[in-house]
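A short worksheet on the structure shown next.
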Amino acid sequence: MKFLALLALLGQFPAHGHQLRSSAAAITPEMRAVSIPLKRTAPSPSPHLHRQGLGLLSLQEIQGSGASLVSQMRAQARQLHALQYYGEIQVGTPPQSFAVIFDTGSGQLMLPSDRCDSEACQKHRAFHQKNSSTAVPIGWADDPLTRAASDSDRDTTVVNFAAGEAVGQFVRDRVCLGRACALANFVEMTEESDQPFGAAEWDGVLGLAQSLSDHVEFNIMQKLFEGDKSGVLKPVFAVYLGRKIEDDAEITFGDFRSERMASSLHWVNVSQEGYWQFQFDDLTIDGKRTGTCEKYGPRKCQGVLDTGSSLMMGPRHDLDALLSRLNFEEGTQRSCSETTKFPKLGFLIGEQLFEMDADDYIDHPKVGDCWAHLMPVGDTGRGAIFVLGMPFLRAFYTVYDMKAKQVGIAKARHASSKGADMAAVKLVSLRPAGDDLGKDQRRLSNDGRK
């Protein structure tokens with residue numbers, strides 16, 4: 001089965017061998033919220049090398065290394081259902097453009113370097129540090145504002161993926177999302193394995209996690225909002241995914257768009273720092289409570305909003321029971337026809353019920369097998385966690401408040417929108433050609449290409 005890896009969302013926290021020492025800022029954002037339309041479709045390691053996992057370790061690597069099982073959840077999801085969203089950003093002076101995955105489960109920006117000789121790098125746009133008048137090579141992640149004394153005295157990071165790895169070093173430069181810009185640190189990748197990069201239609205990854213960066217200077221979102229002296233940009237971003245792969249999708253920075261919502265926003269606090277994790281009270285079937293969360297006591301159920309997961313995942317015993325209630329008696333696949341009926345799946349968050357229609361959580365062809373976009377997994381090591389990936393994010397408009405440490409959820413309004421005064425940076429939606437959910441599929445995207 002073809003595996004097209006995305007970057008890590010729910011891996012373990014990176015392990016670094018240095019202490020954090022300082023922080024500062026210098027930025028120049030513009031005066032409006034930024035809406036980014038989404039498309040859905042080097043040197044050798046130095047003695048200073050340190051290694052971090054972004055969650056897309058191969059299953060064998062995960063099982064052998066004792067890495068968090070949440071990483072395994074994402075790796076399995078990518079193998080089952082290849083789907084990606086990415087959009088354009090600009091880096092440097094003058095600006096250099098890159099297509100990046102926007103990932104709520106990783107914490108920094110990663111771009112290929114022009115110093116990278118790997119075959120995978122040659123297939124993508126590379127960051128040319130010498131062409132940017134504002135670029136500063138950084139020696140150490142824990143000293144993020146100090147220029148490197150020389151290329152030989154720089155920290156080197158290795159990032160593990162499901163089917164390979166990337167090696168990189170740190171740079172500081174101007175990063176722009178639409179018209180909002182900030183000086184921030186990022187990783188320029190000097191080596192890339194063929195997987196997952198070789199066949200990717202995107203160049204790099206922009207992490208949007210709540211607090212997973214090496215240092216605050218690597219947190220692009222925080223630097224953007226800290227530098228907004230006008231007070232116009234709110235410390236939030238919002239994600240809208242179209243119902244179908246061919247539909248529009250976007251990510252908005254500095255505000256949210258009420259025209260994308262079919263209900264009012266319901267706010268809930270982040271329950272555990274790091275990821276966009278929150279507590280919910282129960283799962284429902286056609287509006288009836290299942291009692292799934294009662295056994296977890298005051299902690300109840302824990303959900304994580306994950307722009308990098310193409311499925312929804314959760315504890316095996318809970319999802320096995322849930323699948324049975326959804327009329328999937330033997331796993332996530334069953335025979336069905338166009339007239340086969342399935343119930344609504346709901347999430348009770350506080351006093352608010354958010355329901356998904358069957359078409360939101362099932363691939364339901366006119367003839368053949370139906371697939372539920374749900375995947376049971378074992379214990380994550382972080383307690384019982386339900387990963388709410390793309391099926392949930394297509395059904396609901398989600399807003400992420402970095403300052404208040406809250407997430408807002410509303411029913412998505414799936415209709416065309418002109419965008420009014422907001423700068424648009426589209427998300428490309430992409431399902432690559434190949435084996436997807438056991439079927440040979442043609443390429444599907446909203447980018448107009450065949």
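The values are calculated or read from the model by the stated rules, or taken from the named source; none is laboratory data. Everything quoted here is computed from the prediction, not taken from an experiment. Counting neighbours? That spans all protein chains shown, and the Cβs are built from the backbone with ideal geometry, glycine included. Accessible surface is based on the protein model in full, side chains and every heavy atom, while ligands, DNA and RNA are left aside. Shrake-Rupley method; radii C 1.70, N 1.55, O 1.52, S 1.80 Å.
Treating each Cα of region 80-159 as an identical point scatterer and ignoring solvent, apply the Debye formula and state log10 I(q)/I(0) at q = 0.13 Å⁻¹.
Ignoring solvent entirely, the Cα scatterers give -0.52.
Please work out, to two decimal places, the log10 of the ratio I(q)/I(0) at q = 0.17, 0.25, 0.28 Å⁻¹ from a Debye calculation in which every Cα of region 132-191 carries one identical scatterer.
-0.62, -1.01, -1.13
How large is the accessible surface of Lys234 in square angstrom, using a 1.4 angstrom probe and rounding to the nearest 10?
Taking all protein chains as shown, Lys234 has close to 90 Å².
Hey, can you rank 256-268, 301-313, 134-146, 199-211 by average C-beta count inside 10 Å, highest first?
Most protected by this proxy first, the peptides run 301-313, 199-211, 134-146, 256-268.
Rank these by accessible area, largest first, 1.4 Å probe: Ile36, Ile245.
Descending order: Ile245, Ile36.
Across every pair of different alpha-carbon atoms, what Kirkwood hydrodynamic radius in Å does region 153-260 reach?
Final number for the Kirkwood radius of region 153-260 is 16.1 Å.
Among 343-354, 391-402, how do they line up from the highest to the lowest mean number of other beta-carbon atoms within 10 Å?
Per-residue mean Cβ counts within 10 Å order the peptides as 391-402, 343-354.
Output wanted: per-residue J couplings in Hz (rounded whole) for region 361-367, from phi through Karplus 6.51 cos²θ - 1.76 cosθ + 1.60, θ = phi - 60°, x for Gly and Pro.
For region 361-367, the Karplus-derived couplings read 10, 9, 7, 10, x, 5, 9 Hz, x marking Gly and Pro.
For region 138-219, with only Lys/Arg (+1) and Asp/Glu (-1) charged at the beta-carbon, what is the dipole magnitude about the Cα centre, in debye rounded to 20?
420 debye
Checking the table Lys234/Lys288; Lys341/Lys405; Lys130/Lys426; Lys300/Lys426 against a 31 Å threshold on Cα-Cα, which pairs fail?
Over 31 Å apart, Cα to Cα: Lys234/Lys288; Lys341/Lys405; Lys300/Lys426.
Using the alpha carbon gyration tensor of region 268-427, what are the three equivalent-ellipsoid semi-axes (square root of 5 times each eigenvalue), largest first, in whole Å?
25, 22, 14
Taking amide H atoms as placed 1.01 Å from N in the peptide plane, list the residues 5 or more away in sequence, or in a different chain, whose amide H sits under 5 Å from that of Phe396.
Residues meeting the amide H criterion: Ala412.
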